[in-house]
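The values are calculated or read from the model by the stated rules, or taken from the named source; none is laboratory data. Small disclaimer: the values here were computed from a predicted structure and weren't measured. Here the Cβ positions follow ideal geometry from the backbone for every residue, glycine too, while neighbour counts run over all protein chains shown. With ligands, DNA and RNA removed, areas are computed over all heavy atoms of the protein, side chains included. Shrake-Rupley method; radii C 1.70, N 1.55, O 1.52, S 1.80 Å.
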Amino acid sequence: MKLLVAVKRVVDYNVKVRVKSDHSAVETAGVKMSMNPFDEIAVEEAVRLKEKGAVTEIIALSAGVTQAQETIRTALAMGADRGILVETEVALEPLAVAKLLQAVAKKESVDLVLLGKQAIDDDMNATGQMLAALLGWPQGTFASKVEIADGKATVTREVDGGLETVELQLPAVVTADLRLNEPRYASLPNIMKARKKTIDVVKPEDLGVDVTPRLTTLSVAEPPARKAGIKVPDVATLLDKLRNEAKVI
Ligand code: AMP
(Lines give C-alpha, C1' and ligand atoms only; values in the text may rest on other atoms or scores of the structure.)
Protein backbone atom coordinates (compact mmCIF):
# COMPACT_ATOMS: atom_id res chain seq x y z
CA MET A 1 0.00 0.00 0.00
CA LYS A 2 1.38 3.39 -1.07
CA LEU A 3 0.97 6.50 1.02
CA LEU A 4 1.48 10.10 -0.08
CA VAL A 5 2.15 12.67 2.63
CA ALA A 6 2.04 16.43 2.00
CA VAL A 7 4.63 18.57 3.77
CA LYS A 8 4.62 22.36 3.58
CA ARG A 9 7.55 24.66 4.31
CA VAL A 10 6.31 27.43 6.59
CA VAL A 11 7.72 30.09 8.93
CA ASP A 12 8.86 28.20 12.05
CA TYR A 13 6.18 28.22 14.76
CA ASN A 14 8.61 29.80 17.25
CA VAL A 15 9.27 32.83 15.06
CA LYS A 16 7.39 36.06 15.76
CA VAL A 17 5.84 36.75 12.38
CA ARG A 18 6.41 40.23 10.92
CA VAL A 19 4.47 41.89 8.14
CA LYS A 20 6.39 43.42 5.20
CA SER A 21 6.55 47.20 5.30
CA ASP A 22 4.40 47.46 2.15
CA HIS A 23 1.70 45.26 3.82
CA SER A 24 1.77 42.89 0.85
CA ALA A 25 2.66 39.73 2.77
CA VAL A 26 4.44 38.23 5.76
CA GLU A 27 8.23 38.71 5.81
CA THR A 28 10.03 35.45 5.00
CA ALA A 29 13.50 36.77 4.05
CA GLY A 30 16.08 35.69 6.63
CA VAL A 31 13.39 33.95 8.71
CA LYS A 32 13.74 30.39 10.04
CA MET A 33 11.51 28.04 8.05
CA SER A 34 10.40 24.55 9.11
CA MET A 35 7.93 21.82 8.29
CA ASN A 36 4.35 22.78 9.11
CA PRO A 37 3.76 21.19 12.58
CA PHE A 38 0.58 19.35 11.50
CA ASP A 39 2.55 17.86 8.59
CA GLU A 40 5.16 16.52 11.04
CA ILE A 41 2.26 14.72 12.71
CA ALA A 42 1.10 13.41 9.31
CA VAL A 43 4.62 12.12 8.52
CA GLU A 44 4.88 10.50 11.95
CA GLU A 45 1.56 8.72 11.37
CA ALA A 46 2.71 7.55 7.95
CA VAL A 47 5.91 6.13 9.46
CA ARG A 48 3.97 4.41 12.26
CA LEU A 49 1.61 2.84 9.69
CA LYS A 50 4.66 1.57 7.81
CA GLU A 51 6.21 0.22 11.02
CA LYS A 52 2.94 -1.64 11.72
CA GLY A 53 3.10 -3.17 8.23
CA ALA A 54 -0.03 -1.39 6.95
CA VAL A 55 1.95 0.70 4.44
CA THR A 56 4.78 -0.35 2.14
CA GLU A 57 5.99 2.96 0.71
CA ILE A 58 5.80 6.58 1.86
CA ILE A 59 6.22 9.41 -0.65
CA ALA A 60 6.65 12.92 0.81
CA LEU A 61 5.57 15.79 -1.44
CA SER A 62 6.18 19.48 -1.02
CA ALA A 63 5.16 22.19 -3.45
CA GLY A 64 7.00 25.48 -3.46
CA VAL A 65 10.42 27.03 -3.80
CA THR A 66 13.68 25.05 -4.24
CA GLN A 67 14.39 25.24 -0.49
CA ALA A 68 11.28 23.13 0.18
CA GLN A 69 13.67 20.23 -0.54
CA GLU A 70 14.89 20.72 3.05
CA THR A 71 11.36 20.07 4.31
CA ILE A 72 11.21 16.91 2.21
CA ARG A 73 14.64 15.86 3.62
CA THR A 74 13.20 16.19 7.13
CA ALA A 75 10.33 13.88 6.16
CA LEU A 76 12.87 11.43 4.66
CA ALA A 77 14.92 11.55 7.87
CA MET A 78 11.77 10.76 9.88
CA GLY A 79 11.18 7.67 7.72
CA ALA A 80 9.58 8.57 4.38
CA ASP A 81 11.05 6.56 1.48
CA ARG A 82 11.32 9.14 -1.29
CA GLY A 83 10.34 12.67 -2.08
CA ILE A 84 8.75 14.77 -4.79
CA LEU A 85 9.30 18.51 -5.02
CA VAL A 86 6.85 20.37 -7.22
CA GLU A 87 9.03 23.38 -7.79
CA THR A 88 7.49 26.80 -8.35
CA GLU A 89 8.03 30.39 -7.29
CA VAL A 90 4.28 31.05 -7.44
CA ALA A 91 2.59 31.61 -4.05
CA LEU A 92 0.36 28.54 -4.01
CA GLU A 93 -3.29 28.55 -3.00
CA PRO A 94 -4.97 25.42 -1.54
CA LEU A 95 -6.77 24.60 -4.80
CA ALA A 96 -3.47 24.63 -6.71
CA VAL A 97 -1.80 22.38 -4.11
CA ALA A 98 -4.83 20.06 -4.14
CA LYS A 99 -4.59 19.77 -7.94
CA LEU A 100 -0.86 18.97 -7.73
CA LEU A 101 -1.51 16.33 -5.07
CA GLN A 102 -4.35 14.93 -7.17
CA ALA A 103 -2.07 14.55 -10.19
CA VAL A 104 0.65 12.80 -8.14
CA ALA A 105 -1.84 10.60 -6.25
CA LYS A 106 -3.19 9.36 -9.59
CA LYS A 107 0.23 8.98 -11.25
CA GLU A 108 1.65 7.05 -8.32
CA SER A 109 -1.59 5.08 -7.67
CA VAL A 110 -1.48 5.82 -3.95
CA ASP A 111 -4.02 4.33 -1.55
CA LEU A 112 -3.92 7.03 1.11
CA VAL A 113 -3.00 10.71 1.18
CA LEU A 114 -2.12 12.17 4.57
CA LEU A 115 -2.00 15.94 5.08
CA GLY A 116 -1.91 18.30 8.02
CA LYS A 117 -5.32 19.68 8.94
CA GLN A 118 -4.04 23.20 8.40
CA ALA A 119 -0.94 25.12 7.41
CA ILE A 120 0.06 27.51 10.20
CA ASP A 121 1.03 30.27 7.77
CA ASP A 122 -2.19 30.74 5.80
CA ASP A 123 -4.58 28.90 8.19
CA MET A 124 -6.69 27.78 5.23
CA ASN A 125 -7.74 24.32 6.44
CA ALA A 126 -8.84 23.58 2.88
CA THR A 127 -6.28 21.56 0.91
CA GLY A 128 -7.24 18.08 2.19
CA GLN A 129 -10.94 18.71 1.69
CA MET A 130 -10.40 20.07 -1.84
CA LEU A 131 -8.17 17.12 -2.69
CA ALA A 132 -10.80 14.60 -1.55
CA ALA A 133 -13.40 16.41 -3.69
CA LEU A 134 -11.14 16.49 -6.76
CA LEU A 135 -10.29 12.81 -6.47
CA GLY A 136 -13.83 11.79 -5.48
CA TRP A 137 -12.33 9.92 -2.51
CA PRO A 138 -13.72 9.74 1.06
CA GLN A 139 -12.11 12.04 3.61
CA GLY A 140 -11.39 11.81 7.33
CA THR A 141 -10.45 15.27 8.56
CA PHE A 142 -9.09 16.33 12.00
CA ALA A 143 -7.91 12.78 12.71
CA SER A 144 -6.83 11.89 16.24
CA LYS A 145 -6.56 8.16 15.48
CA VAL A 146 -6.06 6.24 12.23
CA GLU A 147 -6.26 2.47 11.75
CA ILE A 148 -5.88 0.65 8.45
CA ALA A 149 -7.25 -2.85 7.87
CA ASP A 150 -8.99 -4.80 5.10
CA GLY A 151 -8.82 -1.98 2.55
CA LYS A 152 -10.44 0.46 4.95
CA ALA A 153 -9.29 3.31 7.18
CA THR A 154 -10.98 3.84 10.53
CA VAL A 155 -10.52 7.47 11.53
CA THR A 156 -11.41 9.03 14.85
CA ARG A 157 -12.15 12.72 14.32
CA GLU A 158 -12.00 15.55 16.81
CA VAL A 159 -15.32 17.35 16.58
CA ASP A 160 -16.94 19.98 18.80
CA GLY A 161 -17.59 18.44 22.19
CA GLY A 162 -16.29 14.96 21.43
CA LEU A 163 -15.03 12.37 19.01
CA GLU A 164 -16.57 10.90 15.88
CA THR A 165 -15.34 7.64 14.33
CA VAL A 166 -15.77 7.11 10.61
CA GLU A 167 -14.85 4.25 8.31
CA LEU A 168 -13.45 5.13 4.89
CA GLN A 169 -13.05 2.85 1.92
CA LEU A 170 -9.52 3.22 0.55
CA PRO A 171 -8.26 5.09 -1.40
CA ALA A 172 -8.93 8.03 0.92
CA VAL A 173 -7.69 11.37 2.20
CA VAL A 174 -6.92 11.93 5.90
CA THR A 175 -5.87 15.16 7.61
CA ALA A 176 -3.95 15.08 10.89
CA ASP A 177 -5.01 16.92 14.06
CA LEU A 178 -2.76 17.81 16.99
CA ARG A 179 -3.50 14.80 19.20
CA LEU A 180 -2.90 12.12 16.55
CA ASN A 181 0.66 11.47 17.80
CA GLU A 182 3.88 13.08 18.97
CA PRO A 183 6.31 13.33 16.05
CA ARG A 184 9.74 11.82 16.55
CA TYR A 185 13.01 13.68 16.18
CA ALA A 186 15.09 12.39 13.31
CA SER A 187 18.22 10.64 14.63
CA LEU A 188 21.63 11.53 13.22
CA PRO A 189 22.03 8.16 11.41
CA ASN A 190 18.58 8.66 9.85
CA ILE A 191 19.48 12.21 8.78
CA MET A 192 22.58 10.75 7.09
CA LYS A 193 20.53 7.98 5.46
CA ALA A 194 18.00 10.52 4.21
CA ARG A 195 20.73 12.23 2.17
CA LYS A 196 20.85 9.18 -0.08
CA LYS A 197 17.10 8.99 -0.64
CA THR A 198 15.70 10.27 -3.95
CA ILE A 199 13.87 13.55 -4.40
CA ASP A 200 12.33 13.96 -7.86
CA VAL A 201 11.89 17.56 -8.93
CA VAL A 202 9.00 18.37 -11.27
CA LYS A 203 7.26 21.55 -12.36
CA PRO A 204 3.49 22.14 -12.11
CA GLU A 205 3.36 22.09 -15.95
CA ASP A 206 4.83 18.57 -15.95
CA LEU A 207 1.76 17.52 -13.96
CA GLY A 208 -0.56 19.49 -16.23
CA VAL A 209 -1.60 21.86 -13.44
CA ASP A 210 -2.10 25.61 -13.77
CA VAL A 211 -1.13 27.15 -10.41
CA THR A 212 -1.88 30.77 -11.32
CA PRO A 213 -3.35 32.43 -8.20
CA ARG A 214 -7.08 33.15 -8.25
CA LEU A 215 -7.11 35.41 -5.21
CA THR A 216 -5.52 38.82 -4.79
CA THR A 217 -4.22 39.74 -1.35
CA LEU A 218 -5.33 43.31 -0.74
CA SER A 219 -3.49 43.91 2.50
CA VAL A 220 -1.79 42.10 5.37
CA ALA A 221 -1.77 43.76 8.79
CA GLU A 222 -0.49 42.89 12.25
CA PRO A 223 -3.07 42.53 15.02
CA PRO A 224 -3.61 45.78 16.94
CA ALA A 225 -1.24 46.14 19.90
CA ARG A 226 -2.92 45.33 23.21
CA LYS A 227 -3.41 48.22 25.61
CA ALA A 228 -1.30 48.01 28.76
CA GLY A 229 -3.13 46.72 31.84
CA ILE A 230 -3.15 48.26 35.32
CA LYS A 231 -2.56 46.84 38.77
CA VAL A 232 -5.22 47.44 41.42
CA PRO A 233 -4.26 47.61 45.10
CA ASP A 234 -7.13 45.50 46.45
CA VAL A 235 -10.33 43.60 45.66
CA ALA A 236 -12.53 46.56 46.58
CA THR A 237 -10.87 48.74 43.93
CA LEU A 238 -11.16 45.91 41.39
CA LEU A 239 -14.90 45.57 42.07
CA ASP A 240 -15.34 49.34 41.93
CA LYS A 241 -13.61 49.51 38.53
CA LEU A 242 -15.53 46.55 37.13
CA ARG A 243 -18.81 48.11 38.33
CA ASN A 244 -18.28 51.79 37.55
CA GLU A 245 -15.63 51.95 34.77
CA ALA A 246 -15.96 48.73 32.76
CA LYS A 247 -19.64 48.40 33.76
CA VAL A 248 -19.47 44.61 33.44
CA ILE A 249 -20.95 43.70 36.85
P1 AMP B 1 -4.04 24.54 4.21
O2 AMP B 1 -5.26 24.06 3.50
O3 AMP B 1 -3.27 25.58 3.44
O4 AMP B 1 -4.33 25.00 5.63
O5 AMP B 1 -3.04 23.29 4.31
C6 AMP B 1 -3.48 22.03 4.77
C7 AMP B 1 -2.42 20.97 4.49
O8 AMP B 1 -2.22 20.86 3.08
C9 AMP B 1 -1.04 21.25 5.07
O10 AMP B 1 -0.97 20.86 6.44
C11 AMP B 1 -0.17 20.38 4.16
O12 AMP B 1 -0.22 19.02 4.54
C13 AMP B 1 -0.86 20.52 2.80
N14 AMP B 1 -0.24 21.61 2.02
C15 AMP B 1 -0.68 22.88 1.85
N16 AMP B 1 0.17 23.59 1.08
C17 AMP B 1 1.18 22.74 0.74
C18 AMP B 1 2.36 22.86 -0.06
N19 AMP B 1 2.71 24.00 -0.66
N20 AMP B 1 3.15 21.76 -0.19
C21 AMP B 1 2.83 20.60 0.41
N22 AMP B 1 1.73 20.43 1.17
C23 AMP B 1 0.92 21.47 1.33
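Can you tell me the accessible area per residue over the range 2-224, all protein chains present, probe 1.4 angstrom, in square angstrom? Write down the numbers at each step before the final one.
On the way: 11450 Å² over 223 residues.
So the range 2-224 comes to 51 Å² accessible per residue, rounded to a whole number.
Identify all lysines with a Cα-Cα distance to K197 below 29 Å; exclude those on the same chain that are fewer than 8 residues away in sequence.
Cα-Cα hits under 29 Å: K2, K8, K32, K50, K52, K99, K106, K107, K117, K145.
Counting Lys +1, Arg +1, Asp -1, Glu -1, what net charge surrounds V47 among other residues with beta carbon under 11 Å of its beta carbon?
On the way: positive: R48, K50, K52, R184; negative: E40, E44, E45, E51, D81.
That works out to -1.
Measure out, as a whole number of angstrom, how far apart the alpha-carbon centroids of the range 90-156 and the range 173-249 sit.
The range 90-156 and the range 173-249 have Cα centres spaced 20 Å from each other.
Checking the a/c ratio against 1.5 first, then a/b against b/c, what shape does the Cα gyration tensor give for the range 2-224? Could you put the intermediate results ahead of the total?
Values: a/c = 1.42, a/b = 1.30, b/c = 1.09.
Rounded, since a/c falls under 1.5.
Among S144, Q69, L215, which residue has its Cα positioned farthest towards the positive end of the charge dipole of the chain, with +1 placed on the Cβ of Lys and Arg, -1 on the Cβ of Asp and Glu, and the dipole taken about the Cα centre?
Value: Q69.
What does the charge add up to near T156, with Lys and Arg as +1, Asp and Glu as -1, over the other residues with Cβ less than 13 Å from its Cβ? Spell out each step's value before the answer.
Values: positive: K145, R157, R179; negative: E45, E147, E158, E164, E167, D177.
In short, -3.
Measuring from label point to label point, each 7 Å out along Cα→Cβ, what is the K231 to S144 span in nm?
4.0
Between T154 and R82, what length in nm is gained on full extension when 0.36 nm per residue of separation is reduced by their alpha carbon distance?
Numbers: separation 72, 0.36 × 72 = 25.92 nm, distance 2.58 nm.
The span from T154 to R82 would gain 23.3 nm if fully extended.
Tell me what the chain gives for mean residue ellipticity at 222 nm when only DSSP H runs of n ≥ 4 count, each as -39,500 (n - 2.57), the sum divided by the residue total, rounded to 500 deg cm²/dmol. Display every interim value, and only then the final one.
Values: 6 runs with 66 residues, N = 249.
Value at 222 nm, helices only: -8000 deg cm²/dmol.
Work out which trypsin sites (Lys or Arg not before Pro) in the chain are exposed loop sites (DSSP not H, G, I, E or B, at most 16 other Cβ within 10 Å) and give the longest gap free of them. Numbers along the way, then the final one.
On the way: sites that count: K16, R18, K20, K32, K52, R184, R195, K196, K197, R214, R226, K227, K231, K247.
That would be 53-183.
Considering the range 1-56, what Rg and Dmax in Å follow from its alpha-carbon atoms?
In order Rg, Dmax, the Cα atoms of the range 1-56 give 16.0, 51 Å.
So what's the convex hull volume per residue for the Cα atoms of the range 63-192, in Å³? Present the calculation step by step, with values, prior to reporting the outcome.
Details: hull volume 16.1 nm³, N = 130.
Spread over its residues, the Cα hull of the range 63-192 gives 124 Å³ apiece.
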